[in-house]
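Let me begin by presenting the structure, written as C-alpha cells, before commenting on it.
The values are calculated or read from the model by the stated rules, or taken from the named source; none is laboratory data. Note that the structure is a prediction, hence the values are computed from the model and not measured. Here Cβ is always computed from backbone atoms with ideal geometry, including for glycine, and neighbour counts include all displayed protein chains.
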Amino acid sequence: MKRAFHQQVSSARAALTPDVHVNVDWAQHELFFRREMAKIYSRYTDTDQNLREVFHLLSEILGLNRGRLFIYDDNSGLLSIRCAYGLTEKEKARGILRPDEGVTGKVFVSGQMTIVQDIDSEPTYLWRSVARSAMPSGTTSMFFFPIVLDGKTRGVFCANRFRGISRNLTADIGIMHEVVGHIGQMLRVEELIAERVQTHTVALEHENRALRQALKHDTLKYGIYGDSVKVRTAIRQIEQVAASDVTVLLVGESGTGKELFANALHIASRRAEGKYIKMNCAAVPESLFESELFGHEKGAFTGAMTAKAGQFEQADNGTLFLDEISELPLNLQAKLLRVLQEKTIQRIGGRERAVNVRIIAATNQDLRQRVAEGRFRLDLFYRLYVVPIFLPSLRDRPEDIPILIQHFIEEANVAFQRRVHCSGDALAALIRYSWPGNVRQLQNVVNRLVLLSESPLVDAAEVAPILANEEGTTSAPAENPAPEPEKKWMGVPAARIEADDAQAILQALRQSDGNKSRAAQKLGLTLSQLVYRLRKFGLTSG
C-alpha cells in the first residue's frame, strides 16, 4: 500500500515538474487524492495532524502548494496561521494579520472565495509569511477560501497554484471546496469534543467515538455536494456494500450524479488501490463495442495494427463502471453475462484470460421495461440487479439546492471570470423550481445566470425568464403525442432534457469561438464525449 502511494506521488511530481511534458491522467490523480482524503478523515484523531496530511496531499498530488489555515482569535482580534505545509516555523510565525489586512483579511470579512491570478500583480497581497525571493520564479496564482461554521466565518484557507499545470482550474476549485468543507467539519467536531470535555465526563469517550464515526459519513469526502437524508442514505448504502465485490446497479434519472456515486463506491471499497475505469455505453459506436470492452489482438481485423487491452483488462483487480448499461447492444449483453459468470474475457482474435473486476452499472431507464420489449436480456438483468441503489432526484432533496447553487456559482465565476452572487429572492426562486433535469440542469441554469447577469447580484427578476425558458424546454406541447415509454423517466420526457443539453453545448461553443476542446472543458466533458453529443443532437455533419 505504501509502495502504491509513493508510486502515485512520483507520477504526480513528474507531471508537476516545470518544463517536463508528460501525459497526465488527472482524473486518476483526483481519484487517488479523494481516496487518501477519505482514509485520513475516517481515522480522525488529531486535527492538526490530519490537516498537515491533507495539505501534503494537495501539494504532492495536485500541485496546490504551501497550504495554510488562518484562524481568527476572538481575544486578540487577529488572524494567525494555525497549520501549514511548506512553510518554516519562522514563516508561520510571521503569518499574523488584522481582519482588514491583505487578501486574506478581505476574504475573512467578506466571506467570499477569491482567486488571485498573479500574486505579483495584486497590490493588496502582503508577502507577510513568505518573501518573494523565497518563491519560485514565474507566475503564481493563489486560492483563498473562507472557513464558515454555523454561519460565521472562522478563518481562511489558502494555497498556491503555479502556472504551467495542465489541470483544469475548475477541477481545482472543486477539490478546494471539498477540502474546505472537511476543514470546517473537523473544526466543528473539535469544538463539540471540547464542549463535552467541559460538561460531560462519564460518557465522553463514547460520544467522541460517535463524533469521529460521523466523519466517515461526510458526503464531501467523496466529492458529493449535499447533506439531505436521501443523499446520506445512498452514501450509507454504498458504504455498506463497498467491502464486498457484489455487483451494484445505480438507478436514477439523468443528471442525478451516477458517476459521482460510482466514484464513491470505488473509493470506499477494498479495491480503492486498483484501477477505476469508466465506460459510457451510449458513447461507443456499436461496431467498436466488443473491441472497447474486451480488446483485440494485432491483425484480428483490418486496421488492428497493434494489440489492445479492453476495458475489462485495464480494470483488472479494480473497478469497471458501465454507465448507461441499457444502451449495451444485445449481442454484447450475452458476452458480458458470460464474463460475469465465468470471470474470463476473450480478446478479438485471442485466447481466454481470467479477470478480477468489480462491476458497477448505472441506468436512467426502466430495465424491466427494456426486458419486456426484448431489448435487454432477462438473465443479464438479474445478474446486474443484485444490489440496486436508487439515487434521489433534485426535486426530492430541495434542502441540497442552496449548497449546489453556491458551488456552481463559484465554479462559473472562475470559468467566466465574473464576480456574481445570488440575492435571497433569487435563491428562493431557484429552490422552488422542480428541476426535471436534476443537478445537470441546475448547473446549466446557474452558468447562464452568471454569464448573462449585468450586475454582481442576481435578483429574482433575472431568474424568472430563465426558468420560464426552462419550462419551454422540459414540457412537451399538448398537441404532440406522448413520448415512447423508454424515452421517459418518472414522467419527464428525456428529449426535452436532451434539448437543454444541446442548448448548453451551443452556448459553450459560442463562448469558445467554436473551439471544441475549450467548449468540452467548460461543460466538464472529454472531447470525445462532446463530439458524440454533437452528432447525437445533429449539431454537426461529421
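Among the listed residues Glu486, Glu498, Glu470, identify the single one that is modelled with pLDDT under 90, over 29 Å from Met279 (Cα atoms) and not in a loop (DSSP other than H, G, I, E, B). Let's see the steps before the verdict.
Values: Glu486 fails: over 29 Å from Met279 (Cα atoms); Glu498 fails: over 29 Å from Met279 (Cα atoms).
Within the list Glu486, Glu498, Glu470, the selection yields Glu470.
Is it true that Lys278 is surrounded by fewer than 21 Cβ atoms within 10 Å (Cβ to Cβ) and assigned by TED's automatic domain parsing to the domain that holds Gln341? Reasoning before the result, please.
Values: surrounded by fewer than 21 Cβ atoms within 10 Å (Cβ to Cβ): yes; assigned by TED's automatic domain parsing to the domain that holds Gln341: yes.
Spelling it out, Lys278 is indeed surrounded by fewer than 21 Cβ atoms within 10 Å (Cβ to Cβ) and assigned by TED's automatic domain parsing to the domain that holds Gln341.
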- Are there any pairs with C-beta distances below 8 angstrom linking a residue in region 347-363 that is surrounded by fewer than 14 Cβ atoms within 10 Å (Cβ to Cβ) to a residue that is part of a loop (DSSP other than H, G, I, E, B), with the two at least 6 apart or on different chains, and if so which? Ala354/Lys343; Asn356/Asp316; Asn356/Asn317; Asn356/Lys343
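So in region 421-460, with the set limited to residues that are in a helix (DSSP H, G or I) and among the charged types (D, E, K, R), which one is farthest from the chain's Cα centre (by Cα)? Spell out the reasoning first.
Taking region 421-460 first, the residues in a helix (DSSP H, G or I) are 424-432, 438-452, 460.
Of the ones still in play, those that are also among the charged types (D, E, K, R) are 425, 432, 440, 448.
On the way: Asp425: 28, Arg432: 25, Arg440: 12, Arg448: 20 Å.
My answer is Asp425.
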- Under the condition of being among the small types (Gly, Ala, Ser) and surrounded by 17 or more Cβ atoms within 10 Å (Cβ to Cβ), which residue from region 228-258 is nearest to Cys281 (Cα to Cα)? Ser254
- Among the residues of region 342-373, count how many are within 30 Å of Ala243 (Cβ to Cβ) and of a type in the set (Gly, Ala, Ser). 3
- Identify all residues within region 60-82 that are hydrophobic (A, V, I, L, M, F, W, C) and over 20 Å from Asp172 (Cβ atoms); write none if there are none. Ile71, Leu78, Leu79, Ile81
- Note on the structure: Checked region 66-90 for anything farther than 21 Å from Asn50 by Cβ and either small (Gly, Ala, Ser) or in a helix (DSSP H, G or I) (or both); matches are Ser76, Gly77, Lys90
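Let me confirm something: among Val107, Val156, Val130, which residue is in a loop (DSSP other than H, G, I, E, B), surrounded by 16 or more Cβ atoms within 10 Å (Cβ to Cβ) and of a type in the set (A, V, I, L, M, F, W, C)? Break it down stepwise before answering.
Working: Val107 fails: in a loop (DSSP other than H, G, I, E, B); Val156 fails: in a loop (DSSP other than H, G, I, E, B).
Checking each option against the conditions leaves just Val130.
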- Query: Are there any pairs, at least 6 apart or on different chains, whose C-beta atoms fall under 7 Å, with the first in region 428-446 and at pLDDT 90 or above and the second of a type in the set (S, T, N, Q), and if so, which?
  - Reply: Trp435/Gln441; Asn438/Ser254; Asn438/Thr256; Asn438/Ser393; Val439/Thr256
- Item | Those residues of region 370-397 which are in contact with a Phe, Trp or Tyr (Cβ under 9 Å, 6 or more places away or on another chain) and touching a residue at least 40 places away in the same chain (Cβ under 8 Å), in sequence order | Arg370, Ile389, Leu391, Ser393, Leu394, Arg395
- Pairs, please: C-beta under 9 Å, at least 6 apart or cross-chain, first residue within 24 Å of Asn50 (Cβ to Cβ) and in region 18-35, second surrounded by fewer than 20 Cβ atoms within 10 Å (Cβ to Cβ) and at pLDDT 75 or above? Gln28/Lys275; Glu30/Ala171; Glu30/Gly174; Arg35/Glu273
- Query: Across region 291-323, what is the number of residues that are under 17 Å from Arg358 (Cα atoms), of a type in the set (D, E, K, R) and assigned to a loop (DSSP other than H, G, I, E, B)?
  - Reply: 1
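Quick check on region 133-153: of everything there that is surrounded by fewer than 16 Cβ atoms within 10 Å (Cβ to Cβ) and part of a loop (DSSP other than H, G, I, E, B), which residue is modelled with the highest pLDDT?
Our first condition is that a residue be surrounded by fewer than 16 Cβ atoms within 10 Å (Cβ to Cβ); within region 133-153, this holds for 133-134, 136-139, 148-152.
With the extra rule that they be part of a loop (DSSP other than H, G, I, E, B), the set shrinks to 136-139, 150-151.
Values: Pro136: 77, Ser137: 78, Gly138: 80, Thr139: 84, Asp150: 75, Gly151: 76.
This residue is Thr139.
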- Task: Scan Ile409, Ile405, Ile389, Ile401 and give me the residue that is surrounded by 17 or more Cβ atoms within 10 Å (Cβ to Cβ), outside any helix (DSSP H, G or I) and among the β-branched types (Val, Ile, Thr).
- Result: Ile389
- Message: Filter region 129-143 down to the residues that are under 17 Å from Glu89 (Cα atoms) and touching a helix residue (DSSP H, G or I) at 6+ places or on another chain (Cβ under 7 Å) and list them by number.
- Response: Ser129, Val130
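Residue under question is Pro123, and the condition is that it be in a loop (DSSP other than H, G, I, E, B) and without any contact (Cβ under 8 Å) to a residue 40 or more places away in the chain; does it hold? Please lay out each step first, then the result.
On the way: in a loop (DSSP other than H, G, I, E, B): yes; without any contact (Cβ under 8 Å) to a residue 40 or more places away in the chain: yes.
So Pro123 fits the description; yes.
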- Filter result (without any contact (Cβ under 8 Å) to a residue 60 or more places away in the chain and within 17 Å of Gly63 (Cα to Cα)) within region 165-185: Val180
- Note on the structure: Counting only residues that are out of contact with any helix residue (DSSP H, G or I) (no Cβ under 9 Å at 6 or more places or on another chain), of a type in the set (D, E, K, R) and either modelled with pLDDT of 70 or more or in the same structural domain as Leu51 (by TED's automatic domain parsing) (or both), region 189-213 contains a total of 2
- Task: Select from region 159-178 the residues that are surrounded by 19 or more Cβ atoms within 10 Å (Cβ to Cβ) and either at pLDDT below 80 or closer than 22 Å to Thr88 by Cα (or both) and list them in ascending order.
- Result: Ala159, Asn160, Arg161
